1. For residue A:179, work out the one condition from (1) modelled with pLDDT of 95 or more; (2) surrounded by fewer than 17 Cβ atoms within 10 Å (Cβ to Cβ) it doesn't fulfil.
2. Inspect all residues belonging to region B:25-38 and state whether any of them is away from every other protein chain (no Cβ under 11 Å), more than 23 Å from residue A:124 (Cβ to Cβ) and surrounded by 13 or more Cβ atoms within 10 Å (Cβ to Cβ).
3. Name the residue, out of A:184, A:161, that is within 29 Å of residue B:23 (Cβ to Cβ), within 14 Å of another protein chain (Cβ to nearest Cβ), in contact (Cβ under 8 Å) with a residue 24 or more places away in the chain and surrounded by 16 or more Cβ atoms within 10 Å (Cβ to Cβ).
4. Which condition breaks for residue A:12 when tested against (1) touching a strand residue (DSSP E or B) at 6+ places or on another chain (Cβ under 7 Å); (2) closer than 26 Å to residue A:97 by Cα?
5. Consider region B:39-58. How many of its residues are surrounded by fewer than 16 Cβ atoms within 10 Å (Cβ to Cβ), over 24 Å from residue A:160 (Cβ atoms) and either within 12 Å of chain A (Cβ to nearest Cβ) or in contact with a helix residue (DSSP H, G or I) (Cβ under 6 Å, 6 or more places away or on another chain) (or both)?
6. Could you tell me how many of the residues in region A:117-137 are more than 7 Å from chain B (Cβ to nearest Cβ) and in contact with a helix residue (DSSP H, G or I) (Cβ under 9 Å, 6 or more places away or on another chain)?
7. Please state which of the following conditions residue B:4 fails to meet, knowing it meets all the rest: (1) under 16 Å from residue A:126 (Cβ atoms); (2) out of contact with any strand residue (DSSP E or B) (no Cβ under 7 Å at 6 or more places or on another chain); (3) surrounded by fewer than 15 Cβ atoms within 10 Å (Cβ to Cβ).
């Protein structure tokens, strides 16, 4: 049996430490992880369920929990981690959600070939709709303003994101410059003060 | 609770084939759209065409006639 002390560790450290301990077992065995918050318990439980390990958790005191995993022979998939499994923070506490802002600055994603770039940005905005954790705001400026207007291939995705509570904002100066002011089809119009505020107050800005 | 639905997902080995299929299906009014390949399916080129489950025969025929090679056609449950 291996004991892991993850007291005081924030996600994803408890999951990472536990995974390392499981590797050290080199086969079947028990790993006991001590954590101090319920989110860590939930994340460890979710990880165990994904991997097919036996799992139980106990509350030892107000701020101490023990999560026990039983690893059976052959259940350790050596190096076969999918992208999904490596996402350690599966549960984010309510109220502690990151303020993620996506800044779409062009009608294409990346540089190289714009035909491909248009397909990629469309794919990116679709993939956003499929995430468990949605961004708080998506900002569209400069060439990105075209994506929220009539004729954009991403309108369906942006409307469903808006329906899920994501704030969609397009730069008014940009709509005016591209003569698209009458063509906005999703979300609201914003100005540089709001754009600056959203960007500076964000925990994370994603620029595709 | 977010809703999911079963779609027919067509994957391609070549990105250019996926892009050509999108144009072909648009011309033929086959409903659907290009999406990044769902995680449930193996790699391919990274792009796939998502359409309705009942479009399999029509899509297959159109691709054969246009000489566009596809990799797989699989039902996949996706968020809507």
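The values are calculated or read from the model by the stated rules, or taken from the named source; none is laboratory data. Values in this document were obtained by computation on a predicted structure and should not be read as measured data. So basically every Cβ, Gly included, is an ideal-geometry build from the backbone, and we count neighbours across all protein chains shown.
1. Unmet condition: (1).
2. Applying the first criterion (away from every other protein chain (no Cβ under 11 Å)) to region B:25-38 yields B:25, B:27-32.
Restricting the remaining residues to those that are more than 23 Å from residue A:124 (Cβ to Cβ) gives B:27-30.
Among the residues that remain, those that are also surrounded by 13 or more Cβ atoms within 10 Å (Cβ to Cβ) are: B:28, B:30.
The answer is yes; a qualifying residue exists.
3. Values: A:184 fails: within 14 Å of another protein chain (Cβ to nearest Cβ).
After applying the criteria, what remains is A:161.
4. (1)
5. 2
6. Residues of region A:117-137 more than 7 Å from chain B (Cβ to nearest Cβ): A:117-118, A:120-121, A:124-125, A:128, A:131-137.
Those left that are additionally in contact with a helix residue (DSSP H, G or I) (Cβ under 9 Å, 6 or more places away or on another chain): A:121, A:125, A:128, A:134-137.
Result for region A:117-137: 7.
7. Unmet for residue B:4, out of (1) under 16 Å from residue A:126 (Cβ atoms); (2) out of contact with any strand residue (DSSP E or B) (no Cβ under 7 Å at 6 or more places or on another chain); (3) surrounded by fewer than 15 Cβ atoms within 10 Å (Cβ to Cβ): (2).
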